[in-house]
Amino acid sequence: QVVNYAPFTLLPSVVPSALFEQAYAVQQDFNLLVDAISQNKEFLEHTLASTIKVDDFTAQLFRIHMQVLEEGLAQSVFLGINRSDYMFDCGVDGTPALKQIEINTIAASFGGLTSRTAAVHGRVLKVLGKPKEASHLLPNNPSRGLALGIAKAWELYGSESAVVMFLVEEIQRNIFDQRCVENELWNRNIRVIRKRFRDVFEKGSLDDAKRLYMDGQEVAVVYYREGYVPKNYDQQNWEARLLLERSRAVKCPDIATQLAGTKKVQQELSRPGMLERLLPGRAEAVARIRATFAGLYSLDMGEEGDKIAARAIADPDRFVLKPQREGGGNNLYGEELRQVLEKIRDSPERTSYILMDKIKPQPARNYLLRAHSPLQVSDCISELGIFGVYVRQGKEMVMNKAAGHLLRTKAIEHADGGVAAGVAVLDTPYLV
């Protein structure tokens with residue numbers, strides 16, 4: 001029951017403007033790609049075949065996906081809110097390159113709080129007597145962009161009395177981030193309710209037309225800010241999730257889009273020819289997407305996987321080992337990576353992970369402001385996220401845009417973890 005300020009850097013961090021522009025330019029392509037994957041049953045089935053044998057969480061999501069497809073989709077409007085995250089890799093020659101870390105297709109957070117961060121840094125720079133530098137900071141309002149997507153989906157659903165339901169966790173540390181988006185919806189006279197899985201299990205129902213009702217109110221859009229890690233689910237919550245997925249309501253994301261964000265899909269996309277299959281006739285989009293990929297390797301059973309596992313065990317500092325999880329703080333590095341891989345190298349369990357080249361960014365110095373922490377200068381690295389929003393009705397793409405950015409910065413001694421995991425802090429790009 002305590003309110004703390006969100007952690008942030010004292011000063012904005014330098015970002016190369018060419019890489020910043022590249023990240024924005026490719027976001028609509030990534031929106032199209034995620035949407036194409038979500039509609040491709042065969043691709044998801046083939047890609048996740050080995051993972052669902054060893055990862056119960058992904059398997060359960062996949063079972064619901066198949067059940068809903070068999071019954072026939074009641075949903076005709078699709079809303080995607082994703083965030084594509086990048087780091088700046090300083091290669092052998094020291095020239096920074098934009099490399100994608102991951103794409104988050106469910107509960108992509110900090111669109112709200114980052115809408116306020118540029119103003120904080122602008123004030124700090126003015127206090128330091130640097131008004132000219134303060135005027136260089138770009139305005140940034142993802143909460144408005146995300147709300148525009150939700151509002152469009154609500155409008156296309158076609159019932160003025162229906163509400164938008166934010167599906168939230170039992171204990172909500174990051175509530176103000178969500179409130180920023182919520183307030184944008186109220187300002188458009190769209191009613192918002194906040195419910196947990198437990199409420200859906202106890203009070204949710206579908207009518208004959210598969211319209212979703214909560215407490216007698218029709219729900220047009222379900223915006224998930226929960227449901228992305230195994231601990232979010234017990235048997236009741238899985239039943240609630242199935243009820244939501246079977247409904248006509250616009251889910252953000254629907255379960256196929258959540259599956260499109262798994263690490264295994266990310267690794268499969270890096271195989272030669274795969275992007276061309278998913279985005280036929282879009283050679284330029286494919287080239288823009290591929291330019292952001294870091295090296296990704298499959299640990300599937302067989303000779304290829306054996307070789308990759310052996311290489312990573314021999315040189316663990318070159319790689320990152322990633323499980324099929326969202327939310328930060330799950331990746332393995334260095335000695336820990338080597339120990340885990342040695343333990344599972346001959347077991348099918350290794351197929352629930354992917355291996356990725358470790359990105360080596362150039363550190364910079366900054367102060368990280370955190371409640372109850374001493375203020376000290378740290379060597380830091382940053383991660384840039386671009387928010388994407390798209391709305392599709394039937395086969396027609398009605399909206400497809402980049403909706404703003406997020407810069408998160410952490411001290412270099414922390415290998416993994418975001419703001420919610422207590423490691424990174426909010427930042428503003430200063431373009432150079």
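The values are calculated or read from the model by the stated rules, or taken from the named source; none is laboratory data. These numbers come from a predicted model, not from an experiment. All Cβ positions, even for glycine, are placed from backbone atoms using ideal geometry, and neighbour counts span all protein chains on display. Please note that ligands, DNA and RNA were not included when accessible areas were found on the heavy atoms of the full protein model with its side chains. Shrake-Rupley method; radii C 1.70, N 1.55, O 1.52, S 1.80 Å.
Here the simple spin-label model places points 7 Å from the Cα toward Cβ, and for Asn330 and Ala310 these points are separated by 3.0 nm. Averaging over all projection directions, the Cα-based convex hull of the chain occupies 21.4 nm² in the image plane. Can you check what the net charge comes to around Ile52, using other residues whose Cβ is under 12 Å from the Cβ of Ile52 (Lys, Arg +1; Asp, Glu -1)? In short, 0.
Net charge of the neighbourhood of Arg211, taken over other residues with C-beta under 12 Å away and scored Lys/Arg +1, Asp/Glu -1, is 0. In sequence order, the range 31-41 has phi-based couplings of 4, 4, 5, 4, 5, 5, 4, 4, 9, 9, 4 Hz under the Karplus curve 6.51 cos²θ - 1.76 cosθ + 1.60, θ = phi - 60°, and Gly or Pro positions carry x.
The range 353-400 and the range 260-331 have their alpha-carbon centroids 18 Å apart. Only protein heavy atoms count here; on that basis, with a 1.4 Å probe, Glu413 has an accessible area of about 140 Å². The modelled label-to-label distance between Asn183 and Ser135, using points 7 Å beyond Cα along the C-beta direction, is 2.8 nm.
Between Arg365 and Arg198, residue separation times 0.36 nm minus the direct Cα-Cα distance comes to 55.7 nm. The order of Cys90, Cys252 by accessible area, most exposed first and with a 1.4 Å probe, is Cys90, Cys252.
For Asp55, no residue whose modelled amide H falls within less than 5 Å of its own remains once neighbours fewer than 5 places apart on the same chain are excluded. For the range 274-432, what class follows from the C-alpha gyration tensor (a ≥ b ≥ c being the square roots of its eigenvalues): rounded when a/c is under 1.5, otherwise prolate if a/b is larger than b/c, else oblate? Oblate, because a/c is 1.5 or more while a/b does not exceed b/c. Shape class for the range 157-213: oblate, because the ratio a/c of the largest to smallest gyration tensor axis (alpha-carbon atoms, square roots of eigenvalues) is 1.5 or more and b/c is at least a/b. Of Lys395, Lys210, the residue with the largest accessible area leads and the full order is Lys395, Lys210 (1.4 Å probe). Between the beta carbons of Glu276 and Glu45, assuming R0 = 22 Å, the FRET efficiency works out to 0.65 to the nearest 0.05. Counted by Cβ distance under 9 Å from Arg408, the other residues give a net charge of -2, where Lys and Arg count +1 and Asp and Glu count -1.
The simple Förster model, with R0 at 25 Å and r as the Cβ-Cβ distance, assigns Glu70 and Tyr213 a FRET efficiency of 0.60. Cβ-Cβ distance of Val2 and Glu303, R₀ of 35 Å, FRET efficiency by 1/(1 + (r/R0)^6): the value works out to about 0.05. Entry note, the chain: the mean residue ellipticity at 222 nm calculated from DSSP H runs of n ≥ 4, each adding -39500 (n - 2.57), is -11500 deg cm²/dmol after division by the residues and rounding to the nearest 500. Spin-label model, Glu239 to Asp379: label points 7 Å out along the Cα-to-beta-carbon direction sit 5.4 nm apart. Relative to the 2.2 N^0.38 Å rule of thumb, the range 296-358 has a C-alpha radius of gyration ratio of 0.98.
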